[in-house]
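Reviewing the structure listed below.
Any read-out appearing in this document is the output of simple, stated calculations on the displayed coordinates, not a laboratory observation. Computed from a prediction, not measured in an experiment: that's the story for all the values here. FYI the Cβ positions are ideal-geometry reconstructions off the backbone, even for glycines, and counts take in every protein chain you see.
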Amino acid sequence: MPQAEPLLKVEGLQAWYGESHVLHGVGIEVRQGEVVTLLGRNGAGKTTTLRAIMGLVAKRQGSVRFEGQELIGARSDRIARAGIALCPEERGIFASLDVTENLLLPPVVRPGGMDIEAIYTLFPNLKERARSPGTKLSGGEQQMLAIARILRTGAPLLMLDEPTEGLAPVIVQQIGRTIREIKARGITVLLVEQNFRFAQTVADRHYVMEHGQVVDAVSNQELAGSMDRLHAYLGV
Amino acid sequence: MLEDLLFQLELGLPQVVLGLVNGAFYALLSLGLAVIFGMLNVINFAHGAQFMMGAFVAWMLLNYGGIGYWPALILAPLIVGAFGVVLERTMISRLYKLDHLYGLLLTFGMALIIEGLFRNEFGSSGMPYSPPEILSGPPIDLGFMFLPKYRLWVVVAALVMSLTTWLVIEKTRLGAYLRAATENAALVQAFGVNVPRMVTLTYAAGVALAAFAGVLAAPIYSVNPQMGSSLIIVVFAVVVIGGMGSILGSVVTGFGLGLVEGLTKVVYPEASSTVIFVIMAIVLLARPAGLFGRA
């Protein structure tokens, strides 16, 4: 049976920040319904890969195909409309908007996203604090809000950039449950993580990045047998 | 001594009320500047020229098209706003990646060109524009003074327009986009919002506010090419005092400083044209971000 084209297919992706050349030909594939992680040390190019897919770097080359559609030349708003949503590393919660306004900010790009009631069921804290300014929430709540607001859009591919960074273990567990819930709904996730232990609890496959390139790919089942290799890459 | 002062104030109350009329223009103009600065990070020095264009378009609609005050109050802002769209798309949008100063220089240059063109065409003596019939009858007796109906209308119209603008920005979905884009435009765009188009329309809206103020001003001041540049300097002081980019700040400070100016005319008339700048200097020293600005 011929393999259908993956939901997201990135080939030879190069990106620059000003003069510095950050990505040197990144290639990844994410199939419908998968949770795939990008692992790697600080500065390996993981965040830049997500930003380049989203059209948030000034200069990029190569190919980003989503549902068979080439997006390398598209502006970020069109990429979002095509069905890719980003939860940025710095979370990007708006201080001048309250929690509800933050939640309702990203336009719905496709039917089938979570409605506000389902989101409040998943994140009861957000309902309690609906009228608080977005940045008055705790770090964990802000992360929930940043994930929740892209769940509303109906985008079939969510890119989460280090959602567990700097959060308490109990919150990390809650985010893990959220990602499994997202996956159960058939939404595809591309996840950037430094927290390798966390990644293995949620992901189907892992890519390892180094110096702006993908250097290895491991499925979650092979993980146990590849530990030494991964430790060498990640220095953990 | 105190009685003396009270007596003087009572005599001066009309000046204070008239100060409120000036304040209405300060508020509307600084509001437009605040809307533009918040979103574009551009100090729109062409604002005075666009105010003047609003008055002229109203005058032209009447004299060339026979279109009266009330339609002009809507049409002139739309026409001048459309002119703003062209300016933003063709020129201003090229400067967003550069320092604020370039936007200021460009819009200042545009202001000079626009004013020059109008002076060339219409001369600088000024042309009359009558208030609409319904607002031109006998003045209203306020007890301590007779206030021309039209001036009362100006204050009411400016208040309603300011309140509407504030509500749109603070309470609607569109306003949430604007506030969010002011904080982080790239992210708002990455959520699928067409931010460049929103920026263009925001500029147009700010320009339309200036033109609206211009139409309001046409029956009070004579319609002349300099009417904007004499007002805009004071308005910039108002914006600095209120805090750059603050919507509420620009409205409150606009009306407030109009009142202060009026009061000064009563207490010490010689200082009335400088009092706003003195306040500006004090505010800059004590709160550089302005009374309502976030540092």
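Listed from fewest to most Cβ neighbours within 10 Å, the set B:265, B:171, A:127 follows the order B:171, A:127, B:265.
For segment B:60-100, trypsin sites (Lys or Arg not before Pro) are listed when DSSP marks them as loop and at most 11 other Cβ atoms sit within 10 Å of their Cβ; the list is B:97. Using θ = phi - 60° in the Karplus curve 6.51 cos²θ - 1.76 cosθ + 1.60, the 3J(HN,Hα) couplings for segment B:98-106 round to 9, 4, 3, 4, 5, x, 5, 5, 4 Hz; x is entered for Gly and Pro.
Around the amide H of residue A:25, modelled in the peptide plane, lie the amide H atoms of A:13, A:14, A:15, all under 5 Å away and 5 or more residues distant in sequence or on another chain.
Net charge near residue B:167, counting Lys/Arg +1 and Asp/Glu -1 over other residues with Cβ under 15 Å of its Cβ? Don't skip to the answer; put the middle values down first.
Values: positive: B:171, B:173, B:179; negative: A:101, B:170.
With Lys, Arg at +1 and Asp, Glu at -1, the neighbours total +1.
Per-residue mean of foreign Cβ neighbours for A:92-104 is 4 (Cβ atoms of other chains, 10 Å radius).
Among beta bridges from DSSP that stay inside segment A:8-234, the antiparallel ones total about 55%. Of A:70, A:11, the sequence from fewest to most neighbouring Cβ atoms within 10 angstrom is A:70, A:11. Phi-derived couplings, Karplus 6.51 cos²θ - 1.76 cosθ + 1.60 at θ = phi - 60°, listed residue by residue for segment A:13-25: 6, 10, 8, 10, 9, x, 7, 8, 8, 9, 10, 10, x Hz, with x used for Gly and Pro. Computing FRET efficiency as 1/(1 + (r/R0)^6) for residue A:108 and residue A:42, where r is the C-beta to C-beta distance and R0 is 30 Å, gives about 0.30. Each part reduced to its alpha carbon centroid, segment B:71-149 and segment A:60-109 end up 38 Å apart. Under the rule a/c < 1.5 gives rounded, and otherwise a/b versus b/c splits prolate from oblate, where does segment B:23-157 land using the Cα gyration tensor? Judged from the Cα gyration tensor, segment B:23-157 comes out prolate (a/c at least 1.5, a/b above b/c).
May I ask you to derive the FRET efficiency for residue A:130 and residue B:4 from their Cβ-Cβ distance with R0 = 56 Å, giving the value to the nearest 0.05?
On the way: r = 57 Å, r/R0 = 1.01.
Calculated transfer efficiency: 0.50.
Candidates A:83, B:54, A:184 compared by Cα position along the dipole of the protein assembly as shown: farthest toward the positive end lies A:184, with charges placed on Cβ. On a 26 Å Cα-Cα criterion, which of the cross-link pairs A:59/B:97; B:171/B:265; A:9/A:59; A:183/B:171; B:149/B:171; A:9/A:136 come out too long? Exceeds cut-off: B:171/B:265; A:183/B:171; B:149/B:171; A:9/A:136. In whole Å, what is the distance between the alpha-carbon centres of segment A:11-29 and segment B:219-280? Result: 53 Å between the Cα centres. Taking other Cβ atoms within 10 Å as a rough exposure proxy, B:279, A:116, A:179 sort from fewest to most as A:116, B:279, A:179.
Can you tally the net charge around residue B:138? Count Lys and Arg as +1, Asp and Glu as -1, for every other residue whose Cβ sits under 15 Å from the Cβ of residue B:138.
Details: positive: B:149, B:151; negative: B:133, B:141.
With Lys, Arg at +1 and Asp, Glu at -1, the neighbours total 0.
Highest GNM mean-square fluctuation among B:93, B:30, B:246, for chain B modelled with Cα contacts below 10 Å: B:93.
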